[in-house]
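Report on the structure given below.
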Amino acid sequence: MHLKSKLPEVGTTIFTVMSQLASEFKAINLSQGFPDYECSPELVQLVNHYMKAGYNQYAPMAGLYSLRERIAEKQEKLHQAKYHPDTEITITAGGTQAIFTSIACVIQPGDEVIIFEPAYDSYTPSVVLFGGLVKAIELSAPEYIINWEEVRQMINEKTRMIIINTPNNPTAKTLAEEDMEELINITRDSNILIISDEVYEHLVYDEKKHLSVSHYPELMERSFITASFGKLLHTTGWKVGYCLAPEWLMKEFRKVHQFEVFSVNSAIQYAISDHLLDERNYLEISNFFQTKKDFFSNLMKETKFDLLPCYGSYFQSVQYSRISDEGDTDLAKRIIREFGVASIPVSAFYRKGTDHRVLRFCFAKKHETLEKAVIKLAKI
């Protein structure tokens, strides 16, 4: 039998490869982005309560209404943006599903989608699956700045969507006010839609401010915002996220969502809804991760790695020119085998495998995990 692959260029992700190597060599895994500490015990108790209370059947297709209300309240409080819980917010099976569905509901064969690399690895295959054409613009490394003139030159009548990610994975950079103004000017009077991947919206450091597209009416009216409770609540395995969009876009989003997953875990939605009643559960998380970031960066001063700026997310990227001239994938694998620490080579976030000799470490770990890892890294 013969099958023509719809994703012939896609193989095993670098995250799986590195995690498998880490397991094989019993290495400390700072590659994949997940915490090695527990989430809130109170949140777990809430989930348990609702499961025992019988909330174990289908939730509404769009998600629990009270949870959508909490999200609307949060968005208005933080970004002065009003979304109607009934028609403009949908609970999804994680942030990646929200991204996939946003692409699926609008991209037609031949549509062009602009992405910025290094980019989260789900963007390109999702566009390709629906016949879209990915137009990648590489950020200027190591500052990772968008060249907006290059964006202007790439836009044409086939451009249907621009995907942005702030704070960015893997660069840990945040977009600035000037970037948002450029995006407004470029998309004004056009049919270009935006996906704003804001899964790390609450993980912003060093007095930087998260700029959501929802804060800008000209962008809000044409944007899908995708977000994740996994990053916010240290529960990546629960796979619960959400999408915000104006009603005319959300209507199309839900047409796909209902046949893709239909609805998301009921008991967890009830628990998160209750958990978000205490604003401290999302307002204080940046301080929590600021401490981890500072702790890790101070430890890394004992190594020969050179840290790149980290303004958001829970990833620290490093250059290693003082260590080796190896390609980043080769070095990352060697560090696992010889020194027992797993990272992610940033070339994996480029379609062409562009290699700026940068590795990415996840610092969403216990302090003792980070200490043990850096003791090993300092031997390189």
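The values are calculated or read from the model by the stated rules, or taken from the named source; none is laboratory data. A quick note: this is a predicted structure, and the numbers were derived from the prediction, not measured. Methodologically, a virtual Cβ is constructed for each residue, glycine included, from the backbone with ideal geometry; neighbour enumeration extends over all protein chains shown.
Taking the stated definitions as given, is Lys231 within 22 Å of Ser297 (Cα to Cα), part of a helix (DSSP H, G or I), touching a residue at least 60 places away in the same chain (Cβ under 8 Å) and under 13 Å from the mean Cα position of the chain (by Cα)?
yes
Just for the range 1-42: of the residues that are in a loop (DSSP other than H, G, I, E, B) and of a type in the set (Asp, Glu), which one is surrounded by the fewest Cβ atoms within 10 Å (Cβ to Cβ)? Give the steps one after another, and end with the answer.
At the first step, the residues of the range 1-42 found to be in a loop (DSSP other than H, G, I, E, B) are 1-13, 25-27, 30-40.
Now drop any that are not of a type in the set (Asp, Glu), which leaves 9, 36, 38.
Details: Glu9: 9, Asp36: 15, Glu38: 11.
Out of the qualifying residues, it is Glu9.
Taking the condition of a type outside the set (Phe, Trp, Tyr) and within 21 Å of Arg70 (Cα to Cα), does Ser190 pass? Give the derivation first.
Details: of a type outside the set (Phe, Trp, Tyr): yes; within 21 Å of Arg70 (Cα to Cα): no.
No, not satisfied.
Among the listed residues Ile155, Ile114, Ile137, identify the single one that is touching a residue at least 24 places away in the same chain (Cβ under 8 Å), assigned by TED's automatic domain parsing to the domain that holds Asn168, of a type in the set (A, V, I, L, M) and touching a strand residue (DSSP E or B) at 6+ places or on another chain (Cβ under 7 Å). Explain how you work it out, then say what you get.
Numbers: Ile155 fails: touching a strand residue (DSSP E or B) at 6+ places or on another chain (Cβ under 7 Å); Ile137 fails: touching a residue at least 24 places away in the same chain (Cβ under 8 Å).
Within the list Ile155, Ile114, Ile137, the selection yields Ile114.
In the range 138-163, which residues are surrounded by 21 or more Cβ atoms within 10 Å (Cβ to Cβ) and hydrophobic (A, V, I, L, M, F, W, C)?
Met161, Ile162, Ile163
Looking at the range 105-121 only, could you name the residues that are among the aliphatic types (A, V, I, L, M) and either closer than 21 Å to Glu157 by Cβ or surrounded by fewer than 21 Cβ atoms within 10 Å (Cβ to Cβ) (or both)? If you could, list the steps in order and put the result at the bottom.
So in the range 105-121, the residues among the aliphatic types (A, V, I, L, M) come out as 106-107, 113-115, 119.
Scanning the range 105-121 gives Val106, Ile107, Val113, Ile114, Ile115.
Give the range 164-208 a look and list any residue that's crowded, with 20+ Cβ neighbours inside 10 Å, of a type in the set (S, T, N, Q) and part of a loop (DSSP other than H, G, I, E, B), or say none.
Thr166, Asn168, Asn169, Thr171, Thr174
Residue by residue, here is whether (1) in contact (Cβ under 8 Å) with a residue 24 or more places away in the chain; (2) out of contact with any helix residue (DSSP H, G or I) (no Cβ under 6 Å at 6 or more places or on another chain); (3) farther than 26 Å from Pro217 by Cβ holds:
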{"position": "Leu244", "(1), (2), (3)": "yes, yes, no"}
{"position": "Leu249", "(1), (2), (3)": "yes, yes, no"}
{"position": "His257", "(1), (2), (3)": "yes, no, no"}
{"position": "Val264", "(1), (2), (3)": "yes, yes, yes"}
{"position": "Ile268", "(1), (2), (3)": "yes, no, yes"}
{"position": "Leu277", "(1), (2), (3)": "yes, yes, yes"}
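Go through the range 341-356 and give me each residue that's on the phi > 0 side of the Ramachandran plot and either buried (at least 24 other Cβ atoms within 10 Å of the Cβ) or in contact with a strand residue (DSSP E or B) (Cβ under 6 Å, 6 or more places away or on another chain) (or both). Give the derivation first.
Going residue by residue through the range 341-356, those that are on the phi > 0 side of the Ramachandran plot are 353.
Across the range 341-356, there are no qualifying residues.
Filter the range 71-95 down to the residues that are of a type outside the set (Gly, Ala, Ser), surrounded by 15 or more Cβ atoms within 10 Å (Cβ to Cβ) and closer than 13 Å to Ser212 by Cβ and list them by number.
Narrowing the range 71-95 to residues of a type outside the set (Gly, Ala, Ser): 71, 73-80, 82-92.
Filter once more, keeping what is surrounded by 15 or more Cβ atoms within 10 Å (Cβ to Cβ): 71, 73-75, 78-79, 83, 85, 87-92.
Hits for the range 71-95 are Ile71, Lys74, Gln75, Leu78, His79, Tyr83.
I'd like to check which helices (runs of 4 or more DSSP H) are fully inside the range 43-160 and have at least 3 residues that are more than 29 Å from Leu233 (Cα to Cα), more than 18 Å from the chain's Cα centre (by Cα) and among the charged types (D, E, K, R).
Details: elements: 65-79, 95-104, 123-129, 148-154.
It comes to 148-154.
Restricting to the range 73-96, name every residue that is on the phi > 0 side of the Ramachandran plot and of a type in the set (S, T, N, Q). Break it down stepwise before answering.
The initial filter retains those residues of the range 73-96 that are on the phi > 0 side of the Ramachandran plot, namely 80, 94.
Of everything in the range 73-96, just one residue is on the phi > 0 side of the Ramachandran plot and of a type in the set (S, T, N, Q), namely Gln80.
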